[in-house]
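See below for the structure under consideration.
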Amino acid sequence: MINKLEKIVGRDSILSNGKEKLRFDHIWKTDIPTNAFAVIFPKSTQQISEIMKLCYENNQKVVIQGGLTNLVGSTITRKNDLVISLDKMNQIEEIDEKSRTITVQSGVILEDAISSVNEKNLMLPLNFGAKGSAQIGGIVSTNAGGLRVLRFGMTRNLILGIEAVLSNGEIISSMKKITKDNSGYDIKQLFIGSEGTLGIISKVIFKLEEKPSSRFSALAGLTNYENVINFLKFMQKGLSGSLSGFELIWGETYKAMKDSSLEYSSLLDINFPYYVIIELLGS
Ligand SMILES: Cc1cc2nc3c(=O)[nH]c(=O)nc-3n(C[C@H](O)[C@H](O)[C@H](O)COP(=O)(O)OP(=O)(O)OC[C@H]3O[C@@H](n4cnc5c(N)ncnc54)[C@H](O)[C@@H]3O)c2cc1C
């Protein structure tokens, strides 16, 4: 099996015979080595397809690994599993400024995609704490949310096109750049949030926004939960669509944060039961 896999990706793109233990299954557990039969790093959709065809014919179990930032143990492996890592599928294929889209391979790290469109005065509104490690394939497979869901929606709302490889190696492609598309079944939506159960996502097209020319953030302390809801409604109404983030912090968490670092010492008093961080993106 290893020989056949090596023929597909080359010897430099597979770890086996103990070398797989140089890897780990989660970014917070880097001291626990991967327990698997091998780790393979395809560089193209075609290579993923050939790997999957071989695994299908040989009843070989596979686990797909992206940036390993999930919080549910979904990238943990067993000793007979083959890990398919998307680390080498890291090409940003196109930024189309006219149609305001970015086409990426699924191993691209979110922060790299955000920075590359930023340079062209465009914005990919996806944003969350793990953006420096999470990969596009993992993000799409988990339908990740993040800090700007309130205004721009979940990952699902930002995707125009997907290419994926099924378990038998078949490649299916719905790589469209158009928003106004009513042509039958929307296959890509099945893959979004499917946690790798339907196939391996190999490429994605995201729609982009014009880069906002202003960004403001603020921290507010609130005396009860009803006021949190009222404050949200008040801000949404008053800011007419420019409120992009509204993150709630419980009083205990805020206190722990302030106690742990002098950096936060000049922030609000610790006696509020709720705090909210808000973000505005505007013209
Ligand atoms: C500090 C921190 C903050 C976070 N904040 C948020 C947040 O605000 N909102 C949120 O929703 N999540 C958040 N997360 C969770 C996590 O970042 C997301 O779930 C992320 O989308 C996972 O991406 P990944 O590349 O790390 O995927 P992985 O952890 O590698 O994989 C996740 C799942 O996707 C599958 N998978 C990976 N790549 C592919 C592929 N190409 N094709 C098919 N299946 C694939 C894996 O098999 C696994 O089931 C946070 C995590 C951390 C550590």
Once you have the Cα-Cα distance between Asn224 and Met175, take 0.36 nm times their residue separation minus that, and quote the gain in nm to one decimal. 12.9 nm
How much accessible surface area, in Å² rounded to 10, belongs to the heavy atoms of Thr77 with a 1.4 Å probe? 10 Å²
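Work out the count of Lys pairs in region 61-157 where the Cα-Cα distance is under 25 Å, with the pair 8 or more places apart or on different chains.
7
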State in Å² the accessible area per residue of region 75-162; use a 1.4 Å probe, count heavy atoms of protein chains only, and round to the nearest integer. 41 Å²
Just to be sure I understand the curve: with the Debye formula and one point per C-alpha of region 214-282, what is log10 I(q)/I(0) at q = 0.11, 0.25, 0.28 Å⁻¹? -0.28, -1.09, -1.21
Please report how far the C-alpha centroid of region 1-79 lies from that of region 98-138, rounded to the nearest whole angstrom. 24 Å
Considering amide H positions built from the backbone, and no H for Pro or chain starts, which residues 5 or more places from Val63, or on another chain, come under 5 Å of its amide H? Leu82, Val83, Ile84
For region 214-282, what is the accessible area per residue in Å² when the probe is 1.4 Å? 64 Å²
Divide by every residue of the chain the summed helix terms, -39500 (n - 2.57) for each DSSP H run of at least 4, and state the resulting mean residue ellipticity at 222 nm, rounded to the nearest 500 deg cm²/dmol. -6500 deg cm²/dmol
Debye, to nearest 20: dipole size of the chain, +1 on Lys, Arg Cβ, -1 on Asp, Glu Cβ: 380 debye
Got a number for the accessible area of Ile114? Probe 1.4 Å, square angstrom, nearest 10. 40 Å²
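Taking all protein chains in place and a 1.4 Å probe, what share, in percent, of the accessible surface of region 92-210 do carbon and sulfur account for?
48 percent
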So, relative contact order of region 1-155 in percent, Cα under 8 Å, 6 or more apart, is 18 percent
On the accessible surface of region 214-282, probed at 1.4 Å, how many percent belong to carbon and sulfur atoms? 58 percent
Given the protein chains as shown and a 1.4 Å probe, how many square angstrom of Val72 are accessible, to the nearest 10? 110 Å²
Cα convex hull volume per residue for region 74-197, in Å³, equals 125 Å³
Roll a 1.4 angstrom probe over the protein heavy atoms and tell me the percent of accessible area of region 2-85 that is carbon or sulfur. 51 percent
Can you sort Leu147, Leu281 by solvent-accessible area, 1.4 Å probe, largest first? Leu147, Leu281
When every protein chain stays in place and a 1.4 Å probe is rolled, Arg11, Arg151 sorted by accessible area with the largest first are Arg11, Arg151
Considering only C-alpha atoms, what is the centroid distance from region 145-161 to region 215-265, in Å? 21 Å
Residues whose modelled amide H sits under 5 Å from the amide H of Thr77, counting only those 5 or more places away in sequence or on another chain, are Asn35
3J(HN,Hα) from dihedral phi, region 116-133, Karplus parametrisation 6.51/-1.76/1.60, rounded to Hz, x for glycine, proline: 5, 7, 4, 4, 9, 6, 10, 9, 9, x, 4, 7, 7, x, 8, 4, x, 10
For the chain, the Cα convex hull volume per residue in Å³ comes to 162 Å³
Quote the charge dipole size of region 214-282 about the Cα centre in Debye, to the nearest 20; the model charges only the Cβ of Lys and Arg (+1) and of Asp and Glu (-1). 260 debye
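The values are calculated or read from the model by the stated rules, or taken from the named source; none is laboratory data. Remember, predicted model here, so these are calculated numbers, not experimental data. Because the Cβ atoms are built from the backbone with ideal geometry, glycine has one as well, and the counts that use them run over all protein chains shown. Each accessible area value is taken on the protein alone, full model and side chains, heavy atoms only, with ligands, DNA and RNA left out. Shrake-Rupley method; radii C 1.70, N 1.55, O 1.52, S 1.80 Å.
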